1. Using the 10 angstrom Cβ neighbour count as an exposure proxy, how do A:Val168, A:Val136 rank, fewest first?
2. Round to the nearest 0.05 the FRET efficiency obtained for A:Ser345 and B:Leu218 when R0 = 51 Å and r is the Cβ-Cβ distance.
3. How shielded is B:324-332 by partner chains, expressed as the average number of their Cβ atoms within 10 Å of its Cβ atoms?
4. Using alpha-carbon pairs under 8 Å, 6+ residues apart, how would you state the relative contact order of chain A in percent?
5. Out of the trypsin sites (Lys or Arg not before Pro) in the stretch A:387-440, which ones are loop residues according to DSSP with at most 11 other C-beta atoms within 10 Å?
6. Kindly express, to the nearest 10 degrees and within the range 0 to 90, the angle between helix B:124-135's C-alpha long axis and the longest C-alpha principal axis of chain B.
7. Classify the stretch A:17-84 as rounded, prolate or oblate from the Cα gyration tensor: take a ≥ b ≥ c as the square roots of its eigenvalues, call it rounded if a/c is under 1.5, otherwise prolate when a/b beats b/c and oblate if not.
8. Order of B:Phe164, B:Phe136 from fewest to most other C-beta atoms within 10 Å?
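Since every read-out is calculated from the coordinates, none of them should be taken as a lab result. Only a predicted model underlies this, so the values are computations on that prediction, with no experimental measurement involved. Cβ placement follows ideal geometry from the backbone for every residue including glycine, while neighbour counts extend to all protein chains displayed.
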Amino acid sequence: MLALFEKFRKGRFSHGIHPRYHKDATRGKAIQRLAFPPRLIVPVAQHIGAPAKPVVNVGQEVLRGQIIAEADGFMSVPVHAPATGVVSSIGLMPSAAGPKVLSIVIDVYKASSQYVLYGNPVEPETLDHDELIQRVQATGMAGLGGAAFPSHVKLRIPHGKTAHTLVVNGCECEPYLTCDHRVMLEQPQDLLQGIRYALHITGAKRAIVGIEDNKADAATAIKAALKPDDPITVKLVETKYPQGAEKMLLKSLLGVEVPAGGLPIDIGIVVNNVGTLAQLGKLLPKGEGLIERVVTVTGTNVAKAGNYLMPIGTPVRFILEQLGITADHEKVILGGPMMGMSLPSLDVPITKGTSGLLVFQERTFIGEQGETVFPCIKCSRCVDACPMHLNPAQMGWLAGKRHYAEMESDFHLNSCFECGCCSFVCPSNIPLVQYFRIAKAVNREQKGKA
Amino acid sequence: MSKKHIVLHTAPHVKKPQDVPTIMRNVVYALLPIVAFAVYQFGISVLALVIVTTLACLGTERFFNWMGNKPSSLSDWSSTISGILLALTLPPGFPLWMAAVAGIAGIAIGKAVFGGIGYNVFNPALVGRAFVQAAFPVAITTWTPAFFTGRFSEFVPSSLTAPFMMPPETAEWVKQVAVDGFTGATPLSLHKFQHISTAPFDLYTGMVAGSAGETSALLILVCGLYLVIRKMMNWQIPAWIFVGVVATSGVLYLINPEKFADPVFMLFSGGLMLGAMFMASDMVGSPLTPKGVMIYGLLIGFLTVLIRQFGSLSEGIMYAILLGNAMTPLIDTWTQPRLFGARRKSA
């Protein structure tokens, strides 16, 4: 059946939007290492799931790569020291989302060579499935694409299910971001190694790398690095937001729809991000932990825009200072402009899921419109944009009346993955996706009470 | 670094730079050539008509803003559109005071009572026209010859009728100014009541009698195309109406070509083009999904032909659109989009 679909597939998903991508400022910039900051703020919950448990004390010296917080159960990953230094405090620190979170603050030694001493080398090919899953968990890997879902959970095939295909997500559909693009261009060997491990772990027969067609050079680089017997293919898909959403990507690549409310594994597919697998390819054989990542730093009037390799926990303020970004009245965003978070404070650190740091002067960013909200004129643009084929207009009216339960029961509110297409296109400036986030939170709370 | 403040905002942080006033303003731009042609064709009477209806609509809108203690909504341009569209659907020599009544009624009954822009069920311009159609049945079917001499220096006598008075008989005046053979009838009524057909070329280009802005089908198409290209109009709505009209009238024509008009005539005569391009496509009164739009368009096309051929009126697009507007909420509930990944109904 799948083969039949593939024959007739169109290589695209329906709906979605075409924002301006603004990737030219950084797509040609090779990955550079940023200086080590004097102080790192390392939250213990950088992933979805149970926060890690700190295993170091204040005043304790930590070495780069050492575990400083342990995984708390299966739905959790450990946290490693991103730099050699001394733990100066363990306590609540500001986070991008707003509420303060438990973080380990490390004062970095200035004169340290920052050599990674910790490691537990292994040949992944010799391990069985369960051991590999443990090894992946030990790297502290969480999806680097933004959602930060623990990678070992994603790679573990639930009982009674089998994976036939591994899909590698190289879409990077968010405007401005180019870190995955650079990783694909510069580290195709690491990426392919990671894909081979993931194939081994999941037992999938083949892997497909899906890349948006505005990054054809990345596809070429990966193809050039392929070994003849690799069951890996590279495919270009349409450049359209949110192509990188896994359900949209599977539709584009394979012509299949993940059942509503289900996961890709329900139809035998495992999806992983390119950045995640490239890191895994590098870390797994060495038995090291995830301590740094590539972040795209760009925006308006950012002279030194580029892709920077930096330790996890680097504070935003330090990055801005290093790159000489000083203008007033700015909006600072972690992640992409469609789904990223604008920061309440500059003392927020880069975490495992941070793919971009965007700095904007408010006016040039939002466009020429004011923030006047007009009534819905039923133009149907949101209906035509929603990749999940929801009815944002109708849900917007219901949200205005606070009929949150009805949104869930009659209009599939929980299928919304908050890509923001509806708010992007709305000519009435109605904050649709923002409404839906509130509605979901209220519904969750109501259920918790019941 | 010195930082005065940081702006907090929830995602998405980017926005398509096209808001409601931009769209509405462009609709006004698209209507201006049609207005210009109508003025060229029928003279200063039409110019006065457009000004009067637009002012009536804007004034009424503002009045209801004031009544509801709300900020002025004139800058969203939607009432300007209603005013211009209303004028374009009226006969060129329509008494100005009646036109003002139509504008006031359209905005008051058609829009303001529902809560203003976005909340109206019906197209306000058509509500206004329907109101005066019922109130002044004679005046609204009194036509003026196109291109009469002196049209830029004098009003059609009926235009300047004193408020609350009935317009004078224009038959004498028409005889004076008319091009030979003007019978005071539109191509549709000629066909319906006298079985005379009009040359197709005259129909396409608008060299016929009719409402102020409905005569040149080609010009209306071009202006509509501008909005389609700028993605400010859903082209599927007029397209489905055309399909509905051609299909319905085609079947009738095949059954009895003597009695029923051919599809091309149906397509290019009367207010169909103006109604399909600029009134049925009004976003507020039309369905949300492509499937809904199909039902809506076909229904309007079907009803238009039905009214034209079997009703007592020679024109049917207005009531067809109003009925389509009324059906829209129902159509929307029938045609909810299919959730991505939802199981298809087993065939």
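1. Numbers: A:Val168 29, A:Val136 25.
In increasing order of surrounding Cβ atoms, one gets A:Val136, A:Val168.
2. Values: r = 61 Å, r/R0 = 1.20.
My answer for the efficiency is 0.25.
3. Counting other chains' Cβ atoms within 10 Å and averaging over B:324-332 gives 1.
4. Values: 1011 pairs, mean separation 87.6, N = 450.
RCO, chain A: 19 percent.
5. Details: sites: A:Lys401, A:Arg402, A:Arg437, A:Lys440; in loops: A:Lys401, A:Arg402.
Hits after loop and neighbour filter: A:Lys401.
6. 30
7. On the way: a/c = 3.51, a/b = 1.60, b/c = 2.19.
It is oblate, given that a/c is not under 1.5 and a/b is not larger than b/c.
8. Numbers: B:Phe164 8, B:Phe136 18.
Least to most surrounded, the residues fall as B:Phe164, B:Phe136.
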